[in-house]
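Student: Let me give you the structure first, and then I'll get to my questions.
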Amino acid sequence: MRRLFVVQEQTVLSITPLAAERAKEILHRYNKPDAAIRVFIKSGGCSGYQYGMAVDERQLEGDTVVEMHGVRLVIDRMSLPLLAGSQVDWVENLMGGGFSVNNPNATSSCGCGHSFRTDGAKAPASEGSGGCCSG
């Protein structure tokens, strides 16, 4: 008897329904409903890497595109290995609301949640700053 094994592909990057709604609101506010949300990693922060997000109408060579809940996420090839399996969420706290990245590749992060580190990974060269929570 032959057995079939189904291997589910891991989603490169996902977004929660709430985060997708907030992203759509931002795209509407910028009057760019057809644009994507670019999710990227840059060096800097107190832990080595920082998350970044931007409204982007471009798709560059080597970009990975994920569409989920009516939102397009774009990830560059340098950020992809560090973001693989991550989920973009929207969190509300006493300081207001904002996007958060739940990253299974992060081995540690700073208190602000905007900076993280992966053991054995070298920070990419970028314009990132060295301070924690500096935007």
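Student: Taking the full set of protein chains and a 1.4 angstrom probe, give the accessible area of T64 in square angstrom, rounded to the nearest 10.
Tutor: 30
Student: Top to bottom by accessible area (1.4 Å), largest first, where do M95, M68 land?
Tutor: Accessible-area ranking of M95, M68, largest first: M95, M68.
Student: Still on this structure, please answer the following. With all protein chains present, calculate the accessible area of H28 using a 1.4 Å probe and round the result to the nearest 10 Å².
Tutor: My reading of the accessible area for H28 is about 140 Å².
The values are calculated or read from the model by the stated rules, or taken from the named source; none is laboratory data. Treat the numbers as computed from the prediction; the structure is a model and nothing was measured. Just so you know, the surface numbers come from the protein's heavy atoms only, side chains and all, with ligands and any DNA or RNA stripped out. Shrake-Rupley method; radii C 1.70, N 1.55, O 1.52, S 1.80 Å.
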